[in-house]
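The next block holds one structure in the form of structure tokens; read it before the comments.
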Amino acid sequence: MNDTQNPSFDPSWQLKYADMIHTAQEAAALIKPGQRVFVGTGCAQPQELLKALTARSAELIDVELIQLLTFGEAPYAKEELSHNIRVNSFFISENVRGIIQEGLGDYTPIFLSDIPRLFTSGQTPLDAALIQVTPPDERGNCSLGVSVDIVKSAARNASLVIAEVNPRMPRTMGDSFLNVTDMDMLVPVDTPLFEVTPLALTDVTRRIGEYIASLVEDGATLELGIGRIPSALLEFLKNKKDLGIHTEMFTDALIDLVEAGIINGSHKSLDRGKVVASFVLGTQRLYDYIDNNPTFSFHPTEYVNDPFIISQQNKMVAINVALQVDLTGQVCADSLGTRFFSGIGGQVDFNRGAARAHGGKAIIAMPSTAQDESISRIVSSLSPGAGVVTTRGDVHYVVTEYGVAYLHGKTVQERALALISIAHPKFREELLREAIEARYVQQEFSEVEGHIVVGPKEMSTTHVFSDGTLMYFRPIHPTDVPRMKDLFYKLSEATIYYRFMSHMKRVPRKQIQNFVYVDHRNEVSIVGTLPEAYGEDIIAVGGYYLDPATNRAEVAFIVRDDWQNKGIGSFLLKNLINIARRNGIRGFTAEVLRDNKPMLSVIYKSGMHVASHLEEGVYHLDIDFV
């Protein structure tokens with residue numbers, strides 16, 4: 001907060017600008033019937049001016065109140081006032097949702113980056129703008145404080161600008177200033193800013209945050225949307241380094257990462273070293289922290305949300321939330337069926353910008369269910385009337401508490417299977433049936449109904465081999481079908497023969513499905529992968545199938561020819577033994593051709609007790625865990 005002993009504003013400003021100072025009632029009296037009036041955003045909503053305007057609503061008719069996102073009271077958003085003051089919102093906040101859903105207010109769907117152009121072009125002319133600012137400094141400059149966003153553009157283009165002047169407003173740095181000469185009336189107030197307390201995190205949002213964090217690389221620049229999920233993400237960034245921020249808004253949760261040096265902006269391509277935003281939603285702690293803090297640089301929406309600016313940030317990661325995603329990848333984020341709920345906001349701006357950034361990632365996140373797990377948010381088709389905010393062509397990553405689905409450049413079938421795999425387990429069978437009925441997925445996939453299971457992350461590990469290669473080992477995923485097919489066609493005839501005891505020229509789809517669609521309990525498949533520009537390559541696969549009658553599991557594995565003799569098979573077997581032991585399995589069995597010396601060597605050197613007998617050129621092995 002501004003230091004009362006050394007204020008950052010001119011202490012004599014009220015004397016200097018006495019001719020501009022009026023009460024809220026005097027200022028509101030200038031609003032006339034039929035005018036279009038803009039209201040300041042978020043926690044900077046000018047409450048006293050709005051109360052005064054509402055108090056004289058009986059004298060007004062057909063006043064259109066333009067707003068983005070507001071908090072606190074909305075005394076004007078009442079059914080009985082709707083003929084006098086009608087709300088038109090670019091984003092539906094809770095305080096006006098009811099009146100808009102009743103059809104007594106308006107919602108204008110639009111990309112956030114496009115809104116300033118409505119004002120500057122004259123397409124949406126503004127008769128007045130009601131805003132809130134800091135007191136002017138000695139040069140007459142007032143900071144827009146916690147909400148710069150579209151407020152600066154509105155103030156520059158409105159015929160009449162009325163500003164509440166509040167010493168409690170933090171003075172934010174950046175392109176956040178208006179001069180007194182750009183305003184017509186000043187209304188002194190001394191009221192606390194509205195505070196937004198962070199929502200309590202849940203186990204679901206924490207799991208989503210952990211999955212998103214796995215996609216964030218050191219040196220990345222982040223955009224954080226509104227809600228629990230972005231806040232949950234911040235909990236899992238404490239081991240990251242040199243992160244940057246270029247975002248519409250942020251909350252209190254950012255402070256700890258800035259103070260810890262995790263967020264320092266040192267690798268940003270633009271605005272290096274600065275936390276860039278256009279508004280904040282938080283508590284007094286946050287307002288005090290950003291006051292006169294040069295680390296934070298506030299800019300209008302036309303800069304912060306410009307997809308071209310966003311795309312210039314190296315490793316730009318955009319995280320936004322959704323209400324519903326269909327199996328083709330269409331994202332609904334602003335409506336529940338025909339009922340408008342929120343808004344387009346900056347989702348498309350940042351999604352497209354991040355997708356075009358070097359090393360960028362565009363992420364849509366949401367819990368897999370709604371209404372106490374009674375409704376799946378991943379659906380075969382969007383609810384009737386639901387609007388598409390992010391198209392299937394724009395979507396890249398979708399994250400739920402059950403994992404990550406990457407959709408960009410994927411076929412409809414691949415998308416559907418990927419999304420089903422991160423849906424809540426109790427909806428997966430139904431979604432698969434609907435996908436087959438819709439012809440999104442081939443009929444033969446009906447055989448895997450009930451087997452679309454994602455392996456537990458506890459089965460994942462990494463290993464550095466003697467030649468320095470770092471390989472990632474993880475449970476096989478339902479979306480690994482094409483990667484498994486690629487692996488098979490890169491195997492030599494000898495390797496195929498040793499593994500399948502057959503000279504196969506092509507791998508049957510059924511065989512690949514048997515590898516991929518496992519329950520990760522009685523059947524386990526682990527793949528060894530290496531990162532590639534297009535995702536990852538599967539280099540090796542190993543697994544076992546349990547015989548409950550004996551409590552032994554048959555084990556087998558394959559390593560791509562060009563990666564053999566590097567210890568990968570030995571590591572796979574050791575990993576599978578550890579998993580089997582945790583599952584209470586007493587041992588493995590294996591059938592190995594007599595000529596398959598590498599496989600036999602791996603098993604005999606495993607450190608386990610191995611009993612074998614040879615029959616018709618095949619060794620039958622019993623491997624006891626010791």
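Quick check: is even one residue across region 155-172 among the charged types (D, E, K, R), assigned to a loop (DSSP other than H, G, I, E, B) and touching a His at 6+ places or on another chain (Cβ under 9 Å)? No - not one qualifying residue is present in region 155-172.
Quick grid of which residues meet (1) farther than 15 Å from L382 by Cβ; (2) at pLDDT 95 or above:
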position	(1), (2)
A318	yes, yes
V325	no, yes
C332	no, yes
L336	no, no
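Note on region 125-151: residues that are part of a strand (DSSP E or B) and not polar (S, T, N, Q) total 8. Going by what's in this entry, would E48 be described as among the charged types (D, E, K, R), under 22 Å from V189 (Cα atoms) and not assigned by TED's automatic domain parsing to the domain that holds G225? For E48, the condition - among the charged types (D, E, K, R), under 22 Å from V189 (Cα atoms) and not assigned by TED's automatic domain parsing to the domain that holds G225 - is met.
Without any contact (Cβ under 8 Å) to a residue 24 or more places away in the chain and aliphatic (A, V, I, L, M) - does that describe any residue in region 581-596? Scanning region 581-596, I find no residue that is without any contact (Cβ under 8 Å) to a residue 24 or more places away in the chain and aliphatic (A, V, I, L, M), so the answer is no.
What are the residue pairs meeting all of these: first residue in region 328-343, first residue farther than 19 Å from F111 by Cα, second residue part of a loop (DSSP other than H, G, I, E, B) and hydroxyl-bearing (S, T, Y), Cβ atoms under 6 Å, and 6 or more apart or on different chains? Once the first residue is farther than 19 Å from F111 by Cα and sits in region 328-343, its partners that are part of a loop (DSSP other than H, G, I, E, B) and hydroxyl-bearing (S, T, Y) give G337/S383. Considering only residues in region 159-169 that are surrounded by fewer than 24 Cβ atoms within 10 Å (Cβ to Cβ) and among the hydrophobic types (A, V, I, L, M, F, W, C), the one that is farthest from T134 (Cα to Cα) turns out to be L160. Across region 226-252, the qualifying residues are those that are within 20 Å of Q347 (Cβ to Cβ) and among the charged types (D, E, K, R), and the one among them that is surrounded by the fewest Cβ atoms within 10 Å (Cβ to Cβ) is R228. Scanning region 367-382 for residues that are surrounded by 17 or more Cβ atoms within 10 Å (Cβ to Cβ) and touching a Leu at 6+ places or on another chain (Cβ under 9 Å) yields a total of 5. Taken over region 137-157, the residue count meeting the criterion of being in contact (Cβ under 8 Å) with a residue 40 or more places away in the chain and either over 35 Å from the mean Cα position of the chain (by Cα) or surrounded by fewer than 22 Cβ atoms within 10 Å (Cβ to Cβ) (or both) is 4.
From the list V592, V527, V518, V541, the one residue that fits, being in a strand (DSSP E or B), closer than 30 Å to L215 by Cβ and in contact with a His (Cβ under 9 Å, 6 or more places away or on another chain), is V527.
Table: residues versus (1) under 24 Å from L112 (Cβ atoms); (2) within 16 Å of the chain's Cα centre (by Cα).
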| position | (1), (2) |
| --- | --- |
| V325 | yes, yes |
| F341 | yes, no |
| D349 | yes, yes |
| S380 | no, no |
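Please determine, by comparing only the residues of region 103-124 that are assigned to a loop (DSSP other than H, G, I, E, B) and in contact (Cβ under 8 Å) with a residue 40 or more places away in the chain, which one is nearest to N292 (Cα to Cα). Ranking the candidates gives F111 first.
Assuming Q313 fulfils every condition listed in (1) farther than 27 Å from I99 by Cβ; (2) surrounded by 17 or more Cβ atoms within 10 Å (Cβ to Cβ); (3) in contact with a helix residue (DSSP H, G or I) (Cβ under 7 Å, 6 or more places away or on another chain) apart from one, which condition is it? It fails just one condition, (3). Does any residue of region 71-80 turn out to be out of contact with any helix residue (DSSP H, G or I) (no Cβ under 8 Å at 6 or more places or on another chain), buried (at least 16 other Cβ atoms within 10 Å of the Cβ), of a type in the set (A, V, I, L, M) and closer than 24 Å to L336 by Cβ? Checking region 71-80: not a single residue is out of contact with any helix residue (DSSP H, G or I) (no Cβ under 8 Å at 6 or more places or on another chain), buried (at least 16 other Cβ atoms within 10 Å of the Cβ), of a type in the set (A, V, I, L, M) and closer than 24 Å to L336 by Cβ.
Scanning region 351-366 for residues that are part of a loop (DSSP other than H, G, I, E, B) and buried (at least 18 other Cβ atoms within 10 Å of the Cβ) turns up A357, G360, M366. Taken over region 403-437, residues that are buried (at least 21 other Cβ atoms within 10 Å of the Cβ) and assigned to a loop (DSSP other than H, G, I, E, B) amount to 3.
On the basis of being crowded, with 18+ Cβ neighbours inside 10 Å and modelled with pLDDT of 95 or more, does Y289 make the cut? Answer is yes for this residue.
Out of everything in region 66-93 that is of a type in the set (D, E, K, R) and modelled with pLDDT of 90 or more, what residue ends up being nearest to G34 (Cα to Cα)? For region 66-93, the residue satisfying everything is R86. Taking region 465-515 as the region of interest, how many residues are in a loop (DSSP other than H, G, I, E, B), buried (at least 17 other Cβ atoms within 10 Å of the Cβ) and at pLDDT 80 or above? Looking only at that region, the number is 3. Between G244, G219, G209, the distinction of being under 18 Å from V317 (Cβ atoms), part of a strand (DSSP E or B) and not acidic (D, E) belongs to G244 only. Taken together, A370, A333, A355, A365 contain a single residue that is under 30 Å from K274 (Cβ atoms) and in contact with a Lys or Arg (Cβ under 9 Å, 6 or more places away or on another chain), which is A355. Within region 253-272, the set of residues being buried (at least 19 other Cβ atoms within 10 Å of the Cβ) and acidic (D, E) comprises D271 only.
Output the residues belonging to region 181-204 that are in contact with a Cys (Cβ under 8 Å, 6 or more places away or on another chain) and among the β-branched types (V, I, T).
Quick first cut of region 181-204, residues in contact with a Cys (Cβ under 8 Å, 6 or more places away or on another chain) only: 183, 193-196.
Once the filter is applied, which keeps residues that are in contact with a Cys (Cβ under 8 Å, 6 or more places away or on another chain) and among the β-branched types (V, I, T), region 181-204 yields only V196.
Count of region 595-611 residues, restricted to those that are in a helix (DSSP H, G or I) and exposed (fewer than 12 other Cβ atoms within 10 Å of the Cβ), is 1. Of the residues L323, L336, L327, L281, which single one is surrounded by fewer than 20 Cβ atoms within 10 Å (Cβ to Cβ), under 28 Å from V388 (Cα atoms) and assigned by TED's automatic domain parsing to the domain that holds A386? After ruling out the rest, the residue left standing is L336.
The values are calculated or read from the model by the stated rules, or taken from the named source; none is laboratory data. Because the structure is a prediction, the values reported are computed rather than measured. All Cβ positions, even for glycine, are placed from backbone atoms using ideal geometry, and neighbour counts span all protein chains on display.
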